[in-house]
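A.B. asks: Right, I'll just put the structure down here and ask away after.
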Amino acid sequence: MRSAVARRPHFQPRDRTGVTQLRAAPGDAEYFDAGMNAARLQRIASDTGGKFYKASAASALPEDMRYSGRGVTTTEERDLWHMPIVLGLILLLMCGEWGYRRAVGLA
């Protein structure tokens, strides 16, 4: 695969055009040592409070997946106008970004 690369003048003192070579090939790193590491999976399951299942014991999985009520999370939503400091910071960042662009000449 061949690709032409053109550099913009404001990045380099002179306008240059070059050619680069690109080689794309599938990697095989994901296939290296691809077997199941049962000891590691059992350690992760015990560290996180879960269970490790082999294919022969998968029939017990639906019974173990009953809802337990643990880990219930609540979501609290607040409007920005009820938190003036956050609204002020957002407006300050937007105005600052606009001022910076205007000073640099991008706006």
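All of the numbers you see were taken from the coordinates with simple rules; none came from a lab. Just so it is clear, the structure is predicted and the values come from calculations on it, not from any experiment. Quick reminder, even Gly has a Cβ in these numbers, built from the backbone with ideal geometry, and neighbours come from all protein chains shown.
A.B. asks: Tell me the net charge near Gln42. Cut-off is 11 Å between Cβ atoms, Gln42 excluded, with +1 for each Lys or Arg and -1 for each Asp or Glu.
C.D. replies: +3
A.B. asks: Moving to a separate point now. Take Ile90, Ile85 and order them by how many other Cβ atoms sit within 10 Å, fewest up front.
C.D. replies: Exposure proxy ranking, most exposed first: Ile85, Ile90.
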